[in-house]
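Have a look at the structure below before the remarks.
The values are calculated or read from the model by the stated rules, or taken from the named source; none is laboratory data. Model, not experiment: these values are computed from the prediction. Glycine gets a Cβ as well: all are built from the backbone with ideal geometry, and neighbour counts include every protein chain shown. Remember, those area values only see protein heavy atoms, side chains included, never the ligands or the DNA or RNA. Shrake-Rupley method; radii C 1.70, N 1.55, O 1.52, S 1.80 Å.
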Amino acid sequence: MVRRRLRVNERWHVVDVPDDTPLLWVLREDLGLTGPKYGCGVGACGACTSLVGGAAARPCVLPVSEVDAEVTTVEGLSANGDHPVQRAWLELDVAQCGYCQPGQIMSTVALLARVPEPSDADIDEALRDNVCRCGTYSRVRAAVKRAARDRGPR
Ligand code: FES
Ligand code: FES
């Protein structure tokens, strides 16, 4: 066990875990942040997508010892679910079962931070590895565009 400090959702946390523990386990089991979902565990499905240093990352394959920047999970976007991306998701009723949606949302937040007005190709590229078993892809794309519009120029 190694005692380490992690900054998550604008708060410092102290956790006592082995170096090779995937960040996803720390988020879900130690910090109680269950927004990031476990899907594949091999970095392939996107269900766990969260931000590390503002960029989209896959915490299921990221050892906690390699986390060197602030982590943001879907819980950290807003206190009331009113982040522009979350609002767009609600307005367009994107979710079906919902399991993949925290990852879709976090990939979108990372995309819009890089590309404020993404094209269809930008969206497809950024969300290519966020798998949705319910097939919500067209609503996801529409919601990304709605969120980009509502955020306004950056
Ligand atoms: S659970 Fe992390 S990418 Fe699938
Ligand atoms: S909404 Fe069910 S897996 Fe995407």
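For the reader, a short list of remarks on this structure follows.
- Residues that are buried (at least 17 other Cβ atoms within 10 Å of the Cβ) and polar (S, T, N, Q), drawn from the stretch 22-71: T49, S50
Per-residue answers, yes or no, for (1) assigned to a helix (DSSP H, G or I); (2) under 29 Å from R133 (Cα atoms); (3) away from ligand 2 (no atom under 16 Å from the Cβ); (4) acidic (D, E):
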residue: V15; (1), (2), (3), (4): no, no, yes, no
residue: D19; (1), (2), (3), (4): no, no, yes, yes
residue: E29; (1), (2), (3), (4): yes, yes, yes, yes
residue: G39; (1), (2), (3), (4): no, yes, no, no
residue: A44; (1), (2), (3), (4): no, yes, no, no
residue: L51; (1), (2), (3), (4): no, yes, yes, no
residue: A69; (1), (2), (3), (4): no, no, yes, no
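- Verdict on R139 being open to solvent by 30 Å² or more (accessible area, probe 1.4 Å) and either among the β-branched types (V, I, T) or within 16 Å of ligand 1 (Cβ to nearest atom) (or both): no
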